[in-house]
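Input: a single structure, listed below in structure tokens.
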Amino acid sequence: AVMAGGSIATISEVIGEVQRGVGASERLLQLLASRSDISAGSQVLPVTNQPPTIDFADILFHYPDSAPLFTNLNLHVAAGETVALVGPSGAGKSTLFHLLLRFYQPQQGQITLNGEPIDRFTLNSLRQQIAIVTQEPVVFATTVMENIRYGNSHASDDDICQAAKAAFAHEFIDQLPQRYHTELGERGVRLSGGQRQRIAIARAILADRPVLLLDEATSALDANSERRVQQALNRLMHGRTTIVIAHRLATVQHADRIVVMDKGKITSTGTHDELIENDMLYREYAELQLLS
Ligand code: ATP
């Protein structure tokens, strides 16, 4: 947790802030930087839609005042690949996100994008390569239109509508009392879990970043909503380098590669079929439908 404007913010709230726009993230990043000795570089990573390779190389990491979590972690993600992380609570899946986003930095080892160490880049230009979709997407007390526009403040109404269509959100938005002008949030219309997720996916489609970090929801959706969310995610992941913390069988089955983690170590990697064959921990997860 970090101090933000006198209150405690969790990492997921910070991620929420980051998704809202550069202003808020800059402020919060400065707070984070001052707390965890993040040394940002000055190189500006140009905006591109080419998905990069991501490498975690020989990573040694512990959280402040905690025991070592990663002692020698290596993970290569190819350009455009979708890697699903699977493993029990505490395995270190979210920590990989925290390190890539530079909420924390490894004590040893290097994280690179296209072979370039991420600590060379300004925090903002690094963050601008990355879209994040979290388990509990933040919905703001404003219209549907403005909620999606958080993905890209320069987007036109038409861009927003296109993104909503690509995210399979248009169909339910069209049924709302004032369609795109319907107010959401506590005083407005309350969306279902699956609808909130599709709003978040529309935001990420609009943001159009080459790297995608997905923290898949554990809460069950109804079958129809589930299928829609899955289709929207498939569309979002296409052409991006994606790391997904996976809880659903459908997600791991579609991933190019699955990485099984336990207690800060990668215990095996492979496709779903390979792991079912060779990995006991994975087989147990798959039998439990992965919803752990
Ligand atoms: P989950 O599925 O429960 O989110 P995970 O695989 O994502 O688990 P992490 O959240 O990366 O695991 O946590 C790995 C370890 O690091 C855990 O022991 C956790 O308690 C610890 N940890 C996570 N965040 C922090 C933090 N900010 N400060 C200290 N320790 C932390």
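Figures for the structure shown
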| quantity | calculated |
| --- | --- |
| Set Arg257, Arg240, Arg235, Arg227: member being at negative phi and touching a Pro at 6+ places or on another chain (Cβ under 6 Å) | Arg240 |
| The stretch 91-139, subset assigned to a helix (DSSP H, G or I) and of a type in the set (D, E, K, R), residue nearest to the ligand (Cβ to nearest atom) | Lys93 |
| Every residue from the stretch 197-226 that is part of a helix (DSSP H, G or I) and out of contact with any strand residue (DSSP E or B) (no Cβ under 7 Å at 6 or more places or on another chain) | Gln197, Arg198, Ile199, Ala202, Arg203, Ile205, Leu206, Ala223, Asn224, Ser225, Glu226 |
| Residue, nearest to Tyr285 (Cα to Cα), within the stretch 58-90, restricted to residues that are assigned to a loop (DSSP other than H, G, I, E, B) and more than 13 Å from the ligand (Cβ to nearest atom) | Glu81 |
| Positions within the stretch 236-281 being more than 16 Å from the ligand (Cβ to nearest atom), surrounded by 15 or more Cβ atoms within 10 Å (Cβ to Cβ) and charged (D, E, K, R), in sequence order | Arg240, Arg257, Asp279 |
| Of residues in the stretch 186-201 being of a type in the set (Val, Ile, Thr) and crowded, with 23+ Cβ neighbours inside 10 Å, the one farthest from Leu213 (Cα to Cα) | Ile199 |
| Matching residues, the stretch 145-170, being touching a residue at least 12 places away in the same chain (Cβ under 8 Å) and more than 27 Å from Ile245 (Cβ to Cβ) | Met145, Ser153, Ala155, Asp157, Asp159, Ile160, Cys161 |
| Tally of residues being within 14 Å of the ligand (Cβ to nearest atom) and modelled with pLDDT under 95 across the stretch 42-57 | 0 |
| Unmet requirement for Gly90, which otherwise passes all of (1) at positive phi; (2) surrounded by 16 or more Cβ atoms within 10 Å (Cβ to Cβ) | (2) |
| Qualifying position, being over 29 Å from Gln129 (Cα atoms) and modelled with pLDDT of 90 or more, among His238, His181 | His181 |
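The values are calculated or read from the model by the stated rules, or taken from the named source; none is laboratory data. As the structure is a prediction and not an experimental result, all values here were calculated from the model. Backbone-built Cβ (ideal geometry, glycine too); neighbour counts: all protein chains shown.
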